[in-house]
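The values are calculated or read from the model by the stated rules, or taken from the named source; none is laboratory data. Computed from a prediction, not measured in an experiment: that's the story for all the values here. Cβ atoms come from the backbone with ideal geometry, glycine included; neighbour counts cover every protein chain shown. Calculation scope for accessible area: heavy atoms of the full protein, side chains included, ligands and nucleic acids excluded. Shrake-Rupley method; radii C 1.70, N 1.55, O 1.52, S 1.80 Å.
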Amino acid sequence: MKPAPFEYHRPVSLAETFDLLDRYGDDGRILAGGQSLVPTLNMRLVTPRAVIDINRLPGLDATRITPEGLVIGALARHEVLVRSALVKEHAPLIATAMPHVGHEAIRTRGTLGGSLALADPAAELPACAVALDATIGLTSRRGRRDMPAADFFRGIYTTALEPGEIVTDLTVPRATVGWRSGFEELARRQGDFALVGLAARVRLDAGVIAEARLVFFGVGTRPVRARAAETALTGGRASADLVTAARHALQNDIDPPADIHGSPALRRHLAGVLLPRVVSTLMEART
Ligand SMILES: Cc1cc2nc3c(=O)[nH]c(=O)nc-3n(C[C@H](O)[C@H](O)[C@H](O)COP(=O)(O)OP(=O)(O)OC[C@H]3O[C@@H](n4cnc5c(N)ncnc54)[C@H](O)[C@@H]3O)c2cc1C
């Protein structure tokens, strides 16, 4: 199918973007990498009056290190995140997760901001952002606000973005001593959205898990922090008993959906498979 007719705008400044968002309101759609928006336009699942292409906005594709941490611009392509030395050093969790996003052609166009704004509950980046305790920069004509990723994702394809606002960047706080990260996902085929995935970080202190952040995706309406499993791990040294306790606790944390890709029981099972794998990686990892 072809999309319904729409007006196409390609602003070259944030001010111009905000003018367009004001002018079209709900009838204007931001276009970033287009990897999700274009198929939905073509299938006429969305029929906006205007498409506002932000690819020419200057500076939004930059990745830089600041006193607050690693700042990744909204227009950073997935493939750039796979290769970036800064991302590998300061956010290795993201570098590890990104090769799982679609295929190379999709990663070449898809953007960080598009993935965060889309808020697919089976997407890798939202879960990584929550696991990293990252902050999402939201900018509108009214100014800028910085929101913890954990507060940004509200439900299936639903975020805290307000009318006239766009995602401009993600800030990953500087890693402090002892933190390590691990990532695993299970999908039917390489490049498919995950059935279940886990983005995790722990802080080790003399071999003891002092803090844990376990964020599952594909098991709820948004990234799900497995707080009972985190509690079960905290204070322990990695052992078969500790992981078994965390796996049991995990079943209280998640309420997976049923869809054509898998039943809740399958997803519960797969989450329980991923947890020990990731814990094992975390105990071996150096970052
Ligand atoms: C075959 C296939 C497989 C895929 N597999 C995966 C996968 O495994 N994991 C995964 O995470 N994704 C996957 N994707 C989606 C891909 O990662 C997309 O690139 C991503 O979800 C959206 O990014 P985008 O830049 O393409 O956004 P677009 O498609 O341009 O936009 C998506 C939505 O976000 C809005 N938007 C975009 N940028 C902004 C912004 N800066 N501020 C506010 N709103 C904005 C748009 O208006 C639109 O509603 C897949 C896509 C395809 C086609």
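Things to note:
- Selection count where residues are open to solvent by less than 30 Å² (accessible area, probe 1.4 Å) and farther than 22 Å from Leu186 by Cα, scope region 234-259: 2
- Odd one out for Val273 among (1) in contact with a helix residue (DSSP H, G or I) (Cβ under 8 Å, 6 or more places away or on another chain); (2) at pLDDT 95 or above; (3) surrounded by fewer than 18 Cβ atoms within 10 Å (Cβ to Cβ); (4) hydrophobic (A, V, I, L, M, F, W, C): (1)
- Enumeration of residues in region 260-270 that are in contact (Cβ under 8 Å) with a residue 60 or more places away in the chain, surrounded by fewer than 20 Cβ atoms within 10 Å (Cβ to Cβ) and not small (Gly, Ala, Ser): His261, Leu266
- Residue that is nearest to Pro58 (Cα to Cα) [pool: residues in region 1-26 that are among the hydrophobic types (A, V, I, L, M, F, W, C) and in a loop (DSSP other than H, G, I, E, B)]: Val12
- Applying the criterion of at least 1 residues that are within 12 Å of the ligand (Cβ to nearest atom) to the strands (runs of 3 or more DSSP E) found wholly in region 32-131 leaves 50-53, 69-73.
- Consider region 151-181 and keep the residues that are of a type in the set (A, V, I, L, M) and farther than 27 Å from Leu57 by Cα. The one that is most open to solvent (accessible area, probe 1.4 Å) is Val177.
- Pairing each residue of region 1-24 that is more than 13 Å from Thr139 (Cα to Cα) with any residue that is of a type in the set (D, E, K, R) and open to solvent by less than 100 Å² (accessible area, probe 1.4 Å), provided the two are 6+ apart or on different chains, yields C-beta distances under 6 Å for Arg10/Asp53.
- Exactly one residue out of Ala50, Ala74, Ala15, Ala62 is buried (at least 20 other Cβ atoms within 10 Å of the Cβ) and small (Gly, Ala, Ser): that is Ala74.
- Glu124 vs. criteria surrounded by fewer than 19 Cβ atoms within 10 Å (Cβ to Cβ) and among the acidic types (Asp, Glu): no
- Residue match in region 156-167 (condition: free of Cβ contacts under 8 Å to residues at least 24 places away in the same chain and either farther than 17 Å from Met98 by Cβ or β-branched (Val, Ile, Thr) (or both)): yes
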